[in-house]
Each structure stands twice: as C-alpha cells, then as structure tokens.
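Asks: Here it is, the structure, as structure tokens.
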Amino acid sequence: MTRQTLAHATIEVRVDEITQLFNTLDPVPFHERDLDQDAEEFIVGWARELPRNRPLRLVIHLPKREAESEKAPKLREALSRYFSYRAEMVGRELSEMFRIGRLSLAIGISVLAVCTLARALLHHSIVERQLGGFVGEGLLILGWVANWRPIEIFLYSWWPLARTRNLYRRLAAAEVVLEADAQTAR
C-alpha cells in the first residue's frame, strides 16, 4: 500500500519481525544482510510506480516489541547500505555495458571501413557489373550491420540500467520510519 504526502512518496510495509525483511540464510551480521527477495521486489515494485521527482519514505509497520528491539535502530542503516550496494552493482553493469559498447563500436567502425574500402575497390575492378553491384551492396550492408549492437547500446540499452541504478539510489536515501502497532503479532 502506498500513501503520498506533499514532500514524500511513501511505501508502507507490514511485518511481524524485522528479520522478515532480510535473507535469513545470509551469515553476515544483521545490519549487513541482503534483503529478502520478496521484500526487495515489493519495495522496488512500489518505488517504480511512485513519482521520480519526490523523495521516498519507507514506513515499516511492526509490533511494538519489534520497534523497541535492538535491531530497530540499525534498520535504516541496513536498508540504506543494501540499496547503496545494489545501486553500485547496477552502476558497474552500466559501466561494463558502455565498455562493451565502446569496444563494439571500434570493431563496427573498422568493419565498416574495410567493407567500404572493399566496395570501392570492387567498383574499380574488372568484375562483371551485376555481380559487382550485388557484392558491393552486400559489403555495405555488412558494414552497417556490424554497427548495430553499439548503436543499440548507446541509444537504448543503457536507459533501463540507469533508471534502476537511480531508483536504488533513491531507496538508499529514503527516510525509514518505524510505526509500532498497538496490537501484538500473532
């Protein structure tokens, strides 16, 4: 469930225990654990639907005993650390994509140059006109097709990764509010 205020776009989560938010199989201390996959999907899914120009607030509803536990004050830091880590990982994927794009572009331009040169040489050779035209057009098409992937990377493929990285950054900076329920958990 979400609630939007003037200043923040709010995501609300209800848990019976703080540990429900985190992967219990992760052997590291609580404040360094990965989020549970279902919890992450829920939070990220709601965050994607909220306006991008507003800061996020994550309201966690939990029983009073959990809100007063020793884990409660560490929750903000744990969530921030996790989403910062995820933003860094997606940022690395984005950097790797651009590295591959630059390498692909260098290869594509080289192939285009060779194909263009071969086409020009073919035009000046004694090859039969129809066959020469056919091969020449094929070389030109091959040269441009070799640039398909770098063009795709630099025009389109990077957007979703950059958007995801920015979403994780927003979640890392989100205000985390614990709301203790008066009733106890089952």
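Asks: Among Leu131, Leu62, Leu155, whose mean-square fluctuation peaks in a Gaussian network model of the chain (Cα, cutoff 10 Å)?
Replies: Checking each option, the largest mean-square fluctuation is seen for Leu131.
Asks: Per DSSP H run of n ≥ 4, the term is -39500 (n - 2.57); total these for the chain, divide by its residue number, and report the mean residue ellipticity at 222 nm rounded to 500 deg cm²/dmol.
Replies: Numbers: 6 runs with 103 residues, N = 186.
That calculation yields -18500 deg cm²/dmol at 222 nm.
Asks: Moving on. Between helix 158-172 and the chain, what is the angle of the helix's C-alpha long axis to the longest principal axis, kept within 0 to 90° and rounded to the nearest 10?
Replies: With rounding to tens, the tilt is 20 degrees.
Asks: Still on this model: Taking only the alpha-carbon positions of the chain and ignoring solvent, what does the Debye formula give for the base-10 log of I(q)/I(0) at q = 0.11, 0.13, 0.17 Å⁻¹?
Replies: For the chain, the Cα-only Debye profile gives -0.63, -0.75, -1.05.
Asks: Going by alpha carbons, how many degrees (0 to 90, nearest 10) lie between the helix axis of 129-145 and the longest principal axis of the chain?
Replies: Approximately 20 degrees, to the nearest ten.
Asks: Could you state the angle between the C-alpha long axis of helix 37-49 and the longest principal axis of the C-alpha atoms of the chain, as a value from 0 to 90 degrees rounded to the nearest 10?
Replies: For helix 37-49, the angle is close to 70 degrees.
Asks: Still on this model: For Leu58, which sequence-distant residues (separation of 5 or more, or a different chain) have an amide H within less than 5 Å of its own amide H, given hydrogens modelled in the peptide plane?
Replies: Ile11, Glu175, Val176, Val177
Asks: Kindly give Rg over Rh for the stretch 97-163, based on alpha-carbon atoms, with the Kirkwood expression for the hydrodynamic radius.
Replies: Details: Rg = 15.6 Å, Rh = 13.1 Å.
The Rg/Rh ratio comes out at 1.19.
Asks: What distance in nm separates the two pseudo spin-label positions at Asn166 and Glu77, each 7 Å out from Cα along the beta-carbon direction?
Replies: Between Asn166 and Glu77, the simple spin-label model gives 3.1 nm.
Read-outs: derived from the displayed coordinates by stated rules, not from any lab. Predicted model, so just to flag it, every value in this text is computed and none were measured. Note: ideal-geometry Cβ built from the backbone for every residue, glycine included; neighbour counts use all protein chains shown.
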